[in-house]
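Below is one structure, written out as structure tokens; comments come after it.
The values are calculated or read from the model by the stated rules, or taken from the named source; none is laboratory data. Computed from a predicted model, the values in this text were never measured in an experiment. Here the Cβ positions follow ideal geometry from the backbone for every residue, glycine too, while neighbour counts run over all protein chains shown.
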Amino acid sequence: MKINNFGPSGVNPYKRQMDKLNQVERAAGKKADKVEISEAAKELQQVSQFEKERQAKVNALKMQIENGTYKPNPKEIAKSIVNFYFNK
């Protein structure tokens, strides 16, 4: 009977093969995270005309509050609260 690969080079060829297969499986199993932003989201990120108008209105209200000339309408406030809670 003849014994081939006697010594450290042929100790466990099955284990080496399984290690190679496990490495390939681990490499294939690792997936990179990826984030894609839709065109609609990109448009929302940009400052729109609506945002500019809103900021102008907020600045005008701030000035009225600082000057003491802001007079809220209590009926409109009550109406909007009722609409918010009961007219969904």
*Of all residues in the range 25-55, count the ones that are surrounded by fewer than 10 Cβ atoms within 10 Å (Cβ to Cβ) and assigned to a loop (DSSP other than H, G, I, E, B).*
11
*With (1) at positive phi; (2) at pLDDT below 90 as the list, and SER38 as the residue in question, which single condition is left unmet?*
(1)
